[in-house]
Amino acid sequence: MTLLRIDATIQGPASASAALADLVLDEFRTVRPDVPVVNRHLAIDPLPSDAWANAIHGSFTPEEQRTAAQVEALALAAGLADELQAADVVVLALPFYNFGVSQHAKTWFDLVLAGAPHGTRLLEGKQVVLVTTRGGAYGEGTPREGWDHNTDYLRRILVDVWGADLTLVEREFTMVGVNPALDEFTELAALLKKEAEEAAVVAGRELATR
Ligand SMILES: Cc1cc2nc3c(=O)[nH]c(=O)nc-3n(C[C@H](O)[C@H](O)[C@H](O)COP(=O)(O)O)c2cc1C
């Protein structure tokens, strides 16, 4: 059994998504200390931004005519898809930036999609914990309801395209305490943080025991 953990925060030790993923992993390791963990950090070790286009063009080019960059990009894409498919359980810590999917995470999704035959259910039936964190709040009735273009995309790919058995751990208002304009939400933000931390622990335990 292998656990694959993928991070994408650009905020280093201040990351809220990494802190929640740490809680998932801590709980998982308490129950399953024997399971090896493979780590990939998409922001610390970014994937090349031109690899996806090279992989796509390479896939439409007869093998003997491919450029070195296309061959390399296709190998990278296939390797990433294999890495994901080989994992038995997956923890993804994917933050919300600029109202959408982090560019590092999007590059990874594009390459994984290019790296396996179209329609491959890379996560069929596998337990996946998706941790995502947002600086503001985007729920029903909020001024920015509908502006979260991250979570639905992630759910579509992980569940509908790849077949994951998904547990979502999310935290909003992580910018409270950082942005003074949000000071009125201090109490709510503390509650949301506590709830997210509890959900992360439960998710880690279920990952290890189900
Ligand atoms: C460059 C950048 C862009 C961001 N854009 C948004 C945004 O559009 N909306 C929002 O609510 N929060 C935004 N945030 C706040 C993040 O969603 C918040 O810091 C969240 O905790 C990110 O996860 P992380 O802490 O793991 O990096 C942004 C943060 C950064 C650094």
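Out of 87, 105, 69, one residue alone is in contact with a helix residue (DSSP H, G or I) (Cβ under 7 Å, 6 or more places away or on another chain) and of a type outside the set (Val, Ile, Thr). It is 69. Here 73, 69 are screened, and the one residue that is under 23 Å from residue 153 (Cβ atoms) and either in a strand (DSSP E or B) or more than 16 Å from the ligand (Cβ to nearest atom) (or both) is 73. Can you pull out the residues in segment 46-66 that are touching a residue at least 40 places away in the same chain (Cβ under 8 Å), loosely packed, with under 14 Cβ neighbours inside 10 Å and of a type in the set (A, V, I, L, M, F, W, C)? Hits for segment 46-66: nothing passes. Selection of strands (runs of 3 or more DSSP E) fully inside segment 84-198 by the criterion of at least 3 residues being of a type in the set (A, V, I, L, M), within 16 Å of the ligand (Cβ to nearest atom) and surrounded by 13 or more Cβ atoms within 10 Å (Cβ to Cβ) returns 89-93, 127-133. Remark: pairs (first residue in segment 1-27, more than 15 Å from residue 41 (Cβ to Cβ); second residue in a helix (DSSP H, G or I) and within 9 Å of the ligand (Cβ to nearest atom); Cβ separation under 6 Å; 6+ apart in sequence or on different chains) are absent.
Residues of segment 23-45 that are in contact with a helix residue (DSSP H, G or I) (Cβ under 9 Å, 6 or more places away or on another chain) and open to solvent by 70 Å² or more (accessible area, probe 1.4 Å): 26, 29, 30, 44.
Evaluation of residue 1 against the conditions (1) closer than 21 Å to residue 201 by Cα; (2) among the aliphatic types (A, V, I, L, M); (3) open to solvent by 70 Å² or more (accessible area, probe 1.4 Å); (4) part of a helix (DSSP H, G or I) shows that the sole unmet condition is (4).
Taking the stated definitions as given, is residue 186 over 22 Å from residue 87 (Cα atoms), more than 16 Å from the chain's Cα centre (by Cα) and touching a residue at least 40 places away in the same chain (Cβ under 8 Å)?
Values: over 22 Å from residue 87 (Cα atoms): yes; more than 16 Å from the chain's Cα centre (by Cα): yes; touching a residue at least 40 places away in the same chain (Cβ under 8 Å): no.
Judged against the criteria, residue 186 is not a match.
Answer with yes or no whether residue 43 is under 15 Å from the mean Cα position of the chain (by Cα) and under 22 Å from residue 175 (Cα atoms).
Yes: the conditions hold for residue 43.
The values are calculated or read from the model by the stated rules, or taken from the named source; none is laboratory data. Just so it is clear, the model here is predicted, and its values are computed rather than measured. We place every Cβ from the backbone using ideal geometry, glycine too, and count neighbours over all the protein chains shown. The accessibility values were calculated without ligands, DNA or RNA, using every heavy atom of the protein model including side chains. Shrake-Rupley method; radii C 1.70, N 1.55, O 1.52, S 1.80 Å.
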